[in-house]
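Each remark here refers to the structure printed beneath this line.
The values are calculated or read from the model by the stated rules, or taken from the named source; none is laboratory data. Since we're looking at a predicted model, the values are computed, not measured. Note that each Cβ is placed from the backbone with ideal geometry, even for glycine, and that neighbours are counted across all protein chains shown. Just the protein is used for accessible areas: all its heavy atoms, side chains included, with ligands, DNA and RNA removed. Shrake-Rupley method; radii C 1.70, N 1.55, O 1.52, S 1.80 Å.
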Number of protein chains: 2
Amino acid sequence: MTKKFLLNESEIPARWYNIVAEMPNKPLPMLHPGTREALKPEDLYPIFAEEIARQELNQTDVWIDIPEEVRDKYRIYRPSPLVRACGLEKALDTPAHIYFKNESVSPVGSHKLNSALAQAYYCKKEGLTNITTETGAGQWGTALSFAAKVFGLELAVYMVKVSYEQKPYRRSLMQTWGAQVTASPSMSTKAGRKILTENPTYQGSLGTAISEAIELAMQTPNCKYTLGSVLNHVSLHQTVIGLEAEKQMEIAGEYPDIVIGCFGGGSNFSGIAYPFMRHSFKGGKATRYIAAEPASCPKLTRGVFQYDFGDEAGYTPLLPMFTLGHNFAPAHIHAGGLRYHGAGTIVSQLLKDKLIEATDIQQLDSFEAGVLFARTEGIIPAPESAHAIAAAINEALKAKEEGRRKTILFNLSGHGLVDMSAYDQYLSGDLSNYSLTDEEIAGNIGSLETII
Amino acid sequence: MTKKFLLNESEIPARWYNIVAEMPNKPLPMLHPGTREALKPEDLYPIFAEEIARQELNQTDVWIDIPEEVRDKYRIYRPSPLVRACGLEKALDTPAHIYFKNESVSPVGSHKLNSALAQAYYCKKEGLTNITTETGAGQWGTALSFAAKVFGLELAVYMVKVSYEQKPYRRSLMQTWGAQVTASPSMSTKAGRKILTENPTYQGSLGTAISEAIELAMQTPNCKYTLGSVLNHVSLHQTVIGLEAEKQMEIAGEYPDIVIGCFGGGSNFSGIAYPFMRHSFKGGKATRYIAAEPASCPKLTRGVFQYDFGDEAGYTPLLPMFTLGHNFAPAHIHAGGLRYHGAGTIVSQLLKDKLIEATDIQQLDSFEAGVLFARTEGIIPAPESAHAIAAAINEALKAKEEGRRKTILFNLSGHGLVDMSAYDQYLSGDLSNYSLTDEEIAGNIGSLETII
């Protein structure tokens, strides 16, 4: 029997949950890249809208009001459904109950709109006319394209070249919503030109695209930069996911033993996990929180905890993070949104404190999980989200082995309707796994400056 | 302010509305292609599941119960939202209130799942193991692929060649859900071979693909054919759209002056319009019902009312319909779902009786409307649905000119996320309009046998 759990529009959260204010150990400070001193909001004003900079460094307010203008736009697609994956459970013949939060219902097809609307709103409120950003698979770029249009801003997007080529539909989406899209690395920035000169066939990375987008923002009047993951304010905005899911699990009469999100920079994992984590602090609920990352980009499972830049060129502050090194060039897997060298500072601290876990998923396993999900639940998942599904399936099969009735909740961060070329390749047997040797990882990490 | 009107799952309709039972003039009978006698359900049993054949010819029962198994699967995505398009209204600066029923929220991206689930269920219940169908743009094929998987049937799809090439993602979708997909015309059937031999570069049509799918079904044991539009039982299943919309308009506190659907074979237009029409019979509500068809395939606005075949090869019964002739080869517009030579018998009778209207929309106007809708409401519409949007915009602008506060309701039959190559071409200025001369139309219709 199909089971979905809905909320009324009045139950769209009115406040975001700021986990930093309640963490047992707060993250180490971000450092100014020049002075190496702890970052102050003012240091971020040249790059980010001021309200966003303040949210980024807010360590005291547990709850932050969602502006009414943003909440109104959330009503286009929120509250999103919580669904019990009865078809998947049956196919796995597991005693586990599997739930997923369906963020794919947003008009842009993913959770990214939750932060895009907030960021575009704050930029507009500050009087900006232009914004820039980067995008990997294109989920963030599409979300911001629509959000920019909603609030009347012009947007320039640097799209990682491998995705620009693999996912032409996502580029078209951004253009249909009115954004300017450039493949990165490009000749339009110093950062891009440098990389193209050194390595003309480089297929790009999120780190490089971020460098280009920041550079353009710094050189454009009345323009600032926005980021779709990694940073604290992005995780903050995404907590609407978990806050809704919490109410919906209550309606379902269950509480999750395990909460799972796929992991690139952390935005959707944070969004589903943090609101539940507040019940786990100080010896509360014994829920496990699992970040599912690709085996080809294993910063949480095999990276090092160290200060590193958020971008390839070193324009960003130094962040205390689990990282593979900011010049790590990930394999060209189809889950482009997960091809990022580092994890956000909050997630990194939580992992260091063993409050969350991480698992790595091979590309073929993610697509196998994605196809099974499509055939049992109807929704074609984004290749990124398929990592969360694969992790959920692993846990459901463990529960079956152990004969235990676990309750598993994962975040379906987006659909894969614009990623069908990847499914095509998978079904034709043309995809491979990518693994890194210990030497490759050590070699790359070895180039990092030791600050901690 | 964003306004969406939701229903609870308990409000998913329990019965479909069978308009034939209440029409002032019933459609003329369908004729057996051999005997030319009025069709009996038994005549359809070799092609269609028996329950479907009975529904097709049921002229007496006003309401038909929806099987609980189908209703349960409807819960995956139903009830779909009704949305007031406040952003679009504002952009048009119109006094009209514009509402749309958002059928794009189904996991397959369109309304087609409403009938696919029903048809797959009846086929399974009859003990069939295999089914066949055709698909134009791929909306019906994707829907049936998932529905077949849900009920455990093997599905073979003939996909119109021009769409097979223009819309590779839709092919991938069907394959991901587990269907076999063949471009039509193909060498796998007599009907396909004949056309390919006469015209090796023919890009296919729905009429040809139907011939191939019927032929395969007739030659495969334990296999029947299914159709996604045109026929009465398909319209019947689609009435869940209008029945929900009626309740939602009530919540919104309005009643539509105008109801609009795009028009290919009639499935989504019927679905939104028929439940409202029952209040218009016998001097009831004075609502206008507008079918928006492409100017390149204008059977309602420029076709003739005559008996004609539903397919190119002449395998189907003779249907009394507005038609351009069953061998009409429509231009390769991107709204592949609207490239069909004829209209269903019910719609044709309603048009003949002036109970509904038709309007034709040029391809470029449909994309202009689609882009405006995407930028104001967030959803990228399917090229088919963009015809309904264009018609709604025309009516909203008329209302503005007349200074009248009209209430307009249209059906957003699906999203266009898998049609982005079409938007790409539109935004690059690479698309054209297609119009037919009176001579072209007369020439094609002239070849029809005169039965009425």
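A few notes on this one:
- Qualifying position, being more than 26 Å from B:Ala382 (Cβ to Cβ) and at pLDDT 95 or above, among A:Glu357, A:Glu384, A:Glu449: A:Glu357
- All of (1) open to solvent by 10 Å² or more (accessible area, probe 1.4 Å); (2) touching a residue at least 24 places away in the same chain (Cβ under 8 Å); (3) farther than 17 Å from A:Phe263 by Cα hold for A:Gly283 with one exception: (2).
- Criterion violated by A:Tyr202 - all others in (1) modelled with pLDDT under 95; (2) away from chain B (no Cβ under 14 Å); (3) crowded, with 24+ Cβ neighbours inside 10 Å satisfied: (3)
- Filter result (at pLDDT 95 or above and under 26 Å from A:Ala329 (Cα atoms)) within segment A:141-170: A:Gly141, A:Thr142, A:Ala143, A:Leu144, A:Ala156, A:Val157, A:Tyr158, A:Met159
- Candidates in segment A:148-205 are the residues that are in a helix (DSSP H, G or I) and of a type in the set (Gly, Ala, Ser); of these, the one that is farthest from A:Leu431 (Cα to Cα) is A:Ala148.
- Of all residues assigned to segment B:392-401, at least one qualifies as being open to solvent by 20 Å² or more (accessible area, probe 1.4 Å), in contact with a helix residue (DSSP H, G or I) (Cβ under 8 Å, 6 or more places away or on another chain) and either assigned to a loop (DSSP other than H, G, I, E, B) or basic (Lys, Arg) (or both).
- Counted residues, segment B:290-324 - those being open to solvent by less than 10 Å² (accessible area, probe 1.4 Å), more than 28 Å from B:Val259 (Cα to Cα) and touching a helix residue (DSSP H, G or I) at 6+ places or on another chain (Cβ under 8 Å): 1
- Within segment B:126-151, the only residue that satisfies the criterion of being away from chain A (no Cβ under 14 Å), touching a helix residue (DSSP H, G or I) at 6+ places or on another chain (Cβ under 7 Å) and surrounded by fewer than 24 Cβ atoms within 10 Å (Cβ to Cβ) is B:Glu126.
Per-residue answers, yes or no, for (1) in a helix (DSSP H, G or I); (2) more than 14 Å from the chain's Cα centre (by Cα); (3) among the hydroxyl-bearing types (Ser, Thr, Tyr):
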residue: B:Phe269; (1), (2), (3): yes, no, no
residue: B:Ala273; (1), (2), (3): yes, no, no
residue: B:Lys285; (1), (2), (3): no, yes, no
residue: B:Ala291; (1), (2), (3): no, no, no
residue: B:Phe305; (1), (2), (3): no, yes, no
residue: B:Tyr315; (1), (2), (3): no, yes, yes
residue: B:Leu319; (1), (2), (3): no, yes, no
residue: B:Ala329; (1), (2), (3): no, yes, no
residue: B:Ile333; (1), (2), (3): no, yes, no
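- Considering segment A:1-94, the qualifying strands (runs of 3 or more DSSP E), each wholly inside and each with 1 or more residues that are within 14 Å of chain B (Cβ to nearest Cβ) and basic (Lys, Arg), run over A:3-5, A:82-84.
- Total residues in segment B:420-432 satisfying the condition of being assigned to a loop (DSSP other than H, G, I, E, B) and open to solvent by less than 70 Å² (accessible area, probe 1.4 Å): the figure is 3.
- A:Ile241 being over 22 Å from A:Phe322 (Cα atoms), in a helix (DSSP H, G or I) and of a type in the set (Val, Ile, Thr): yes
- Residue match in segment B:78-100 (condition: within 30 Å of B:Phe322 (Cα to Cα) and either charged (D, E, K, R) or within 21 Å of the chain's Cα centre (by Cα) (or both)): yes
- Every residue from segment A:350-381 that is touching a residue at least 60 places away in the same chain (Cβ under 8 Å), more than 12 Å from every other protein chain (Cβ to nearest Cβ) and not in a helix (DSSP H, G or I): A:Asp353, A:Leu355, A:Ile356, A:Glu357, A:Ala358, A:Thr359, A:Asp360, A:Ile361, A:Gln362
- Here A:Gln175 meets each of (1) within 22 Å of A:Val70 (Cα to Cα); (2) open to solvent by 20 Å² or more (accessible area, probe 1.4 Å) with one exception, condition (1).
- When each of A:Leu409, A:Leu417 is tested for being aliphatic (A, V, I, L, M) and assigned to a loop (DSSP other than H, G, I, E, B), the lone residue that passes is A:Leu417.
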